[in-house]
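**Q** Quick one: the structure is below, questions incoming.
The values are calculated or read from the model by the stated rules, or taken from the named source; none is laboratory data. If you're wondering where the values come from, they're calculated on a predicted model, not measured in any experiment. Here the Cβ positions follow ideal geometry from the backbone for every residue, glycine too, while neighbour counts run over all protein chains shown. Just so you know, the surface numbers come from the protein's heavy atoms only, side chains and all, with ligands and any DNA or RNA stripped out. Shrake-Rupley method; radii C 1.70, N 1.55, O 1.52, S 1.80 Å.
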Amino acid sequence: MYADRLDNLPPYLFARIDEMKEAKIRSGVDVIDLGVGDPDLPTPPHIVEALCTAARDPATHHYPSYLGLSTYREAVATWYKNRFGVTADPKSEIITLIGSKEGIAHVPEAFVNPGDIVLATDPGYPVYKTSTLFAEGICHPLPLTGENNFLPDLEAIPKDILKKTKLLFFGYPNNPTSAVAPMKLFDEVVEFAREHSIVAVHDNAYSEITFDGYVAPSFLQADGASEVGIEMHSLSKTYNMTGWRLGMAVGNKDIVAGLGRVKTNIDSGAFDAVQLAGVTALTGPQDCVADACRIYQERRDVLVKGLKSLGYDVSAPKATFYVWMKVDDSMKFSARLLDEAGIVATPGIGFGAGGEGYVRFAITRSVERITEAVARMEAMSR
Ligand SMILES: *Cc1c(COP(=O)(O)O)cnc(C)c1O
């Protein structure tokens with residue numbers, strides 16, 4: 001019944017974890033879900049207000065413009081300028097996305113021919129691979145290992161692979177490893193993309209979720225980045241707006257235009273009222289972002305300290321709301337964690353073969369719940 005492209009998708013391990021979780025809940029276990037990368041914190045009230053006001057205006061009730069509301073794209077330009085010192089023309093170098101996942105899912109359609117190779121960090125956000133498969137491309141994994149600080153080794157990519165490579169997906173601060181990248185990597189990627197005529201797509205969903213004074217860069221801060229690439233960004237993680245579906249692609253105008261041509265034929269843009277609320281988010285007071293980071297930082301400290309005291313091999317991330325911890329067998333460990341402690345954590349292998357040997361905890365639950373999780377793990381056999 002299904003097309004080959006569905007049959008060719010990698011098995012969705014998260015679905016199995018979900019089933020196991022549901023079974024636990026049905027059997028009466030008080031499950032602590034540290035699996036989902038979705039903030040438990042609400043969207044700040046001033047942004048919700050802006051949506052309500054905009055939704056009451058009949059002017060927003062029509063088809064949005066394909067490329068996005070110009071006031072939203074201008075707000076994105078101003079935010080990129082103030083936050084990163086990056087200049088982007090709102091008319092040609094910025095496009096509204098229905099969440100950055102949408103942009104990541106569609107970008108290979110514009111640049112990848114059947115049989116072309118797409119490089120993607122592994123472990124990685126699963127959409128890098130699935131969007132490649134939908135475009136009938138071949139995904140070549142760039143392994144991220146603890147020895148390399150979870151940064152890709154571009155030198156290690158075989159020459160015959162590079163000849164057929166069309167696109168590169170990478171993203172720092174990184175999901176799932178929570179690693180951050182030095183500007184040096186971004187400079188290397190610019191040179192690499194230029195030399196091999198590769199479209200570089202940087203996924204920067206977590207640039208604002210940072211700790212201990214760390215400030216994450218934009219790929220577009222690298223010299224020449226906007227000649228070779230684009231950055232996918234999103235309001236989801238920064239403003240607790242995952243359900244709203246709003247993001248942006250920023251960078252090279254030809255790449256933005258290619259993505260725009262795909263989108264024009266598939267979707268009709270993000271709801272104008274949501275984009276207007278996005279303007280409020282990007283241009284309004286930013287203390288809500290600092291408040292969220294403080295909350296995540298406290299949770300991170302409780303979890304990492306707890307795990308270390310139990311003897312686990314783990315360190316405190318500088319960014320993202322994930323803690324990436326070394327284990328023997330990721331699927332077995334996750335299953336045992338759920339079975340013996342009622343805790344959901346995501347097995348690393350769910351993010352690609354390179355994620356084996358790790359589990360990911362999302363610190364999207366309260367300090368009380370995280371404390372409880374550590375106590376339950378203490379009672380677990382090792
Ligand atoms: C959450 C996430 C996204 C997508 O977020 P949207 O809600 O679609 O904007 C993209 N990349 C990574 C790595 C993420 O974790």
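**Q** Within the stretch 230-262, how many residues are within 7 Å of the ligand (Cβ to nearest atom) and in a strand (DSSP E or B)?
**A** 3
**Q** Any chance the stretch 327-335 includes a residue that's more than 24 Å from Thr121 (Cα to Cα) and either surrounded by fewer than 18 Cβ atoms within 10 Å (Cβ to Cβ) or among the acidic types (Asp, Glu) (or both)? Walk me through how you get there before you give the answer.
**A** To start, the set of residues in the stretch 327-335 that are more than 24 Å from Thr121 (Cα to Cα) comprises 335.
Filter again for either surrounded by fewer than 18 Cβ atoms within 10 Å (Cβ to Cβ) or among the acidic types (Asp, Glu) (or both), leaving 335.
Yes, some residue in the stretch 327-335 is more than 24 Å from Thr121 (Cα to Cα) and either surrounded by fewer than 18 Cβ atoms within 10 Å (Cβ to Cβ) or among the acidic types (Asp, Glu) (or both).
**Q** Something else about it: Give the residue, chosen from Lys253, Lys184, that is among the basic types (Lys, Arg), closer than 19 Å to Lys81 by Cβ and open to solvent by 40 Å² or more (accessible area, probe 1.4 Å). Break it down stepwise before answering.
**A** On the way: Lys184 fails: closer than 19 Å to Lys81 by Cβ.
Only one candidate qualifies: Lys253.
Residue-by-condition table, conditions (1) of a type outside the set (A, V, I, L, M); (2) open to solvent by 60 Å² or more (accessible area, probe 1.4 Å); (3) within 16 Å of the ligand (Cβ to nearest atom):
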position: Leu142; (1), (2), (3): no, no, yes
position: Ile161; (1), (2), (3): no, no, no
position: Lys164; (1), (2), (3): yes, yes, no
position: Arg194; (1), (2), (3): yes, yes, no
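**Q** I've got another one for you. From the set of residues in the stretch 62-89 that are touching a Ser or Thr at 6+ places or on another chain (Cβ under 6 Å) and not in a helix (DSSP H, G or I), which is nearest to the ligand (Cβ to nearest atom)?
**A** Once the filter is applied, the top-ranked residue is Gly68.
**Q** Scan the stretch 336-351 residue by residue and report those that are within 15 Å of Leu144 (Cβ to Cβ) and surrounded by fewer than 24 Cβ atoms within 10 Å (Cβ to Cβ). Before the answer, list the steps.
**A** The initial filter retains those residues of the stretch 336-351 that are within 15 Å of Leu144 (Cβ to Cβ), namely 348-351.
Residue satisfying the conditions is Ile349 alone.
**Q** Further, regarding this structure: Within the stretch 207-229, take every residue that is open to solvent by 10 Å² or more (accessible area, probe 1.4 Å) and among the hydroxyl-bearing types (Ser, Thr, Tyr) and give me the one that is nearest to the ligand (Cβ to nearest atom). Even if it seems obvious, please write down each step before you answer.
**A** Filtering the stretch 207-229 for residues open to solvent by 10 Å² or more (accessible area, probe 1.4 Å) gives 208, 210, 212-215, 217, 220-221, 223-224, 226-228.
Going one step further and asking which of them are among the hydroxyl-bearing types (Ser, Thr, Tyr), we end up with 210, 214, 226.
Numbers: Thr210: 14, Tyr214: 17, Ser226: 20 Å.
Looking at the filtered set, the residue picked out is Thr210.
**Q** Now for a different question. Out of everything in the stretch 90-105 that is assigned to a loop (DSSP other than H, G, I, E, B) and either free of Cβ contacts under 8 Å to residues at least 60 places away in the same chain or open to solvent by 30 Å² or more (accessible area, probe 1.4 Å) (or both), what residue ends up being nearest to the ligand (Cβ to nearest atom)?
**A** First pass over the stretch 90-105, keeping only residues assigned to a loop (DSSP other than H, G, I, E, B): 90-93, 98-99.
Those left that are additionally either free of Cβ contacts under 8 Å to residues at least 60 places away in the same chain or open to solvent by 30 Å² or more (accessible area, probe 1.4 Å) (or both): 90-93, 98.
Numbers: Pro90: 19, Lys91: 22, Ser92: 22, Glu93: 19, Ile98: 8 Å.
Across the stretch 90-105, the extreme among qualifying residues is Ile98.
**Q** Right, here's the next one. Filter the stretch 85-122 for residues that are under 22 Å from Met241 (Cα atoms) and in contact with a His (Cβ under 7 Å, 6 or more places away or on another chain) and give the result.
**A** Ser100
**Q** A further question follows. Is there a residue being open to solvent by less than 40 Å² (accessible area, probe 1.4 Å), among the aliphatic types (A, V, I, L, M), more than 20 Å from the chain's Cα centre (by Cα) and over 24 Å from Gly350 (Cβ atoms) anywhere in the stretch 25-47? If you could, list the steps in order and put the result at the bottom.
**A** Our first condition is that a residue be open to solvent by less than 40 Å² (accessible area, probe 1.4 Å); within the stretch 25-47, this holds for 31-35, 37, 39, 41, 43-44, 47.
Subsequent filtering for residues that are among the aliphatic types (A, V, I, L, M) retains 31-32, 34, 41, 47.
Still in the list and also more than 20 Å from the chain's Cα centre (by Cα): 31-32, 47.
If we keep only those that are over 24 Å from Gly350 (Cβ atoms) too, we end up with 47.
Within the stretch 25-47, one or more residues are open to solvent by less than 40 Å² (accessible area, probe 1.4 Å), among the aliphatic types (A, V, I, L, M), more than 20 Å from the chain's Cα centre (by Cα) and over 24 Å from Gly350 (Cβ atoms).
**Q** Would you kindly identify the helices (runs of 4 or more DSSP H) lying entirely within the stretch 120-226 that contain at least 2 residues that are among the polar types (S, T, N, Q)? Break it down stepwise before answering.
**A** Details: elements: 127-134, 159-163, 183-196.
In the stretch 120-226, the matching helices (runs of 4 or more DSSP H) lie at 127-134.
**Q** Might you let me know whether the stretch 119-126 holds any residue that is in contact with a helix residue (DSSP H, G or I) (Cβ under 6 Å, 6 or more places away or on another chain), among the charged types (D, E, K, R) and open to solvent by 60 Å² or more (accessible area, probe 1.4 Å)?
**A** No, the stretch 119-126 has no match at all.
**Q** Here's a follow-up. Identify, please: which residue in the stretch 106-127 is of a type in the set (A, V, I, L, M) and under 14 Å from the mean Cα position of the chain (by Cα) and is, among those, nearest to the ligand (Cβ to nearest atom)?
**A** Filtering the stretch 106-127 down to residues of a type in the set (A, V, I, L, M) leaves 107, 110, 112, 117-120, 127.
Narrowing the set further to residues that are under 14 Å from the mean Cα position of the chain (by Cα) leaves 120, 127.
Details: Ala120: 11, Val127: 7 Å.
Checking each candidate, the answer is Val127.
**Q** Can you say whether Phe170 is within 16 Å of the ligand (Cβ to nearest atom), closer than 21 Å to Gly352 by Cβ and surrounded by fewer than 23 Cβ atoms within 10 Å (Cβ to Cβ), as far as the supplied structure shows? Outline the logic, then answer.
**A** On the way: within 16 Å of the ligand (Cβ to nearest atom): yes; closer than 21 Å to Gly352 by Cβ: yes; surrounded by fewer than 23 Cβ atoms within 10 Å (Cβ to Cβ): no.
No; evaluated as a whole, the condition is false for this residue.
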